[in-house]
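Here's the structure we're looking at; comments come further down.
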Amino acid sequence: MLGATLLPGCWGQSISASIAKTKAGYVRINEPVVLSFNAKIDLKSVRLSINPKTDLKLAAKGTELTLTPLKGWKPAQTYSVQLKNVSSSDHSLSLSNWQAKFKTQPHAGIAGFLVDGKPLAITAGSTPTIAPLAAVTITFTGPMQPATATPTVNGLALPAAQFAWAADHKSVLINRTYLPYQTYQIGVAGTALAANGDVATDTAPLTTAAAGIEPANSSSGIPATGFKTQPALMVVVDNAGLARPQSGLQAADMVFEYISEYNISRFTLTYFNNPASTIGPVRSCRMINPYLGMAFKALTLCSGASDGTLGWLWGKHGAPGIPVIINDYDTGNHFFRVNTNVAPHNLYTDASRMTRARSESAGMGGGNYVVDPQHPDADIPGAAPAAAPSIPLQGVTYSYDGGCSCYRPFDHGTPRTDAAAGGGQIGVKNVIVMHVPFGNAGWVEDVNGGAQSIRYQMNGQGPAEIWSDGKQVEATWHMGAAGQDFYQNTTQPLYFTDPSGNLIRLNTGLTWIHVVGNGQTQ
């Protein structure tokens, strides 16, 4: 609406004024308003007010007076301009009490955000979380000029390969990954323009945080969509000679292997959804378990623990403990013994007991991560063909099996098998060697032989090597922050980045992580 009104008291005046028409029929937020007169005017004589109040820069040239807002006009607003007085340049003519109105352009720009095709609910005062592989779509109030509205992440324009505009230019899909546990601002660059030339008025970026992502085994049954992270189940499993063959290895999503004592390794089997039918032999927790249990928000099951470790598990040293079920103190029938093994290598659990344990602990909720559904294999950026790995400290070697695109492990030369998976040699999809600081925890772990407890410092970051599909890449592991004790990292479990610092998406299948202390020899 562009219009003018001559108010009472201006009769007899010979200067006439009007607001210059615009092509759009309204004033864009970055456009000046031009008042046209039938005579040259004296800028010094102009007495003008505007409502809503706006800081203006006035300029006169010939018969025109230009009103430029210092901070732009507000969109979808009707402004009222009143000339209290204006004189011609020769002061022979004047005009007073003249009033006109104009409307500014409608709102244009970002209408909202979709995550994986669904509208993102944003609650005031909170930061929404997205998955690291989330497909984020910016939707607009109408068609845009794509060249003026390049998507940005944290203020940096994305390369063309990382976004795609819809055919109608009403939305743009961003295709990129987000590092876990980082905060991102997703928006558009520069002065974005609508297809009709209107300036984007609504360009506030989305502020969001990326959750973590953990790999899953196909046996875990993670659906493509809709899976809600629940408490992970972690079971400590024996690897002494009399414990073999173990049960439950092949069906795990992740297995952490580490030295327990006397150069004998131990496993922590991790299940994000479906536990194996039978799991064991179950053995004692070690100090690595509080780190893993706290970061992954997991329920840990073990047979027992030394007095020193037990105090930390139960939170008796002024720090929070972890959710743990220990056979020595269990009253819920979460374990059973078999007569085919000698004690202490005869303690087991099974899928029904594990599922019940998770149900009993449902109130603790899931961790700050998503579990990656099954997906086709893909090469890790920067990976190159390499021989199968070996971990001398743990006595483990691998051979690559092209038939299953997996690695076959050997424990001191003997195939590592799974009694619950038909007794065959297990196949590992992703083999990872993770180098971490370590030291003496400060107490005796095994009272019979006097072995000291080992404390792996699992929080921070450090070097790692990853093997998958016959290729290997130098990587960096990340979990919490350097210097954090286990109880200080409750939200940031493990992830890996490639040499360029990008998130590594591990292939679907069993992921086996060998935790090796820096300089550790026993």
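Tabulated values for the structure
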{"item": "Residue within the range 111-125 that is part of a loop (DSSP other than H, G, I, E, B) and more than 23 Å from Thr201 (Cα to Cα) present", "result": "yes"}
{"item": "Count of the range 99-110 residues which are part of a strand (DSSP E or B) and under 30 Å from Arg47 (Cβ atoms)", "result": "6"}
{"item": "Failed item, numbered, when Ala276 is tested on (1) assigned by TED's automatic domain parsing to the domain that holds Asp328; (2) over 27 Å from Asn327 (Cα atoms); (3) small (Gly, Ala, Ser)", "result": "(2)"}
{"item": "Number of the condition not met by Ala108 [criteria: (1) over 25 Å from Tyr26 (Cα atoms); (2) in contact with a strand residue (DSSP E or B) (Cβ under 6 Å, 6 or more places away or on another chain); (3) touching a residue at least 40 places away in the same chain (Cβ under 8 Å)]", "result": "(1)"}
{"item": "Residue match in the range 94-106 (condition: closer than 19 Å to Thr203 by Cα, over 26 Å from the mean Cα position of the chain (by Cα) and buried (at least 17 other Cβ atoms within 10 Å of the Cβ))", "result": "yes"}
{"item": "Residues within the range 204-221 that are part of a loop (DSSP other than H, G, I, E, B) and either surrounded by fewer than 22 Cβ atoms within 10 Å (Cβ to Cβ) or of a type in the set (Lys, Arg) (or both), tallied", "result": "4"}
{"item": "Condition met for His412 (closer than 22 Å to Leu503 by Cα and either in the same structural domain as Arg505 (by TED's automatic domain parsing) or modelled with pLDDT under 95 (or both))", "result": "no"}
{"item": "Scope the range 463-506; condition surrounded by 17 or more Cβ atoms within 10 Å (Cβ to Cβ), small (Gly, Ala, Ser) and closer than 26 Å to Ala387 by Cβ; matching residues", "result": "Ala464, Ser468, Gly470, Ala475"}
{"item": "Residue pairs meeting the criteria (Cβ under 6 Å; at least 6 apart or on separate chains; first in the same structural domain as Thr497 (by TED's automatic domain parsing), in the range 118-141; second among the hydroxyl-bearing types (Ser, Thr, Tyr))", "result": "none"}
{"item": "Qualifying residue in the range 386-398 (condition: modelled with pLDDT of 95 or more, surrounded by fewer than 16 Cβ atoms within 10 Å (Cβ to Cβ) and out of contact with any strand residue (DSSP E or B) (no Cβ under 7 Å at 6 or more places or on another chain))", "result": "yes"}
{"item": "Strands (runs of 3 or more DSSP E) wholly inside the range 321-399 that include at least 1 residues being closer than 17 Å to Gly304 by Cβ and of a type in the set (Phe, Trp, Tyr)", "result": "347-350"}
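So that you can scan it fast, the table gives a plain yes or no per residue for (1) surrounded by fewer than 16 Cβ atoms within 10 Å (Cβ to Cβ); (2) outside the structural domain of Ala200 (by TED's automatic domain parsing); (3) of a type in the set (Phe, Trp, Tyr):
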site: Lys21; (1), (2), (3): yes, yes, no
site: Tyr26; (1), (2), (3): no, yes, yes
site: Ile29; (1), (2), (3): no, yes, no
site: Ala39; (1), (2), (3): no, yes, no
site: Leu48; (1), (2), (3): no, yes, no
site: Pro52; (1), (2), (3): yes, yes, no
site: Ala59; (1), (2), (3): yes, yes, no
site: Trp73; (1), (2), (3): no, yes, yes
site: Leu83; (1), (2), (3): no, yes, no
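The values are calculated or read from the model by the stated rules, or taken from the named source; none is laboratory data. Quick caveat: nothing in here was measured; it's all calculated off a predicted structure. Here the Cβ is made from the backbone with ideal geometry for all residues, glycine too, and neighbour counts use every protein chain on show.
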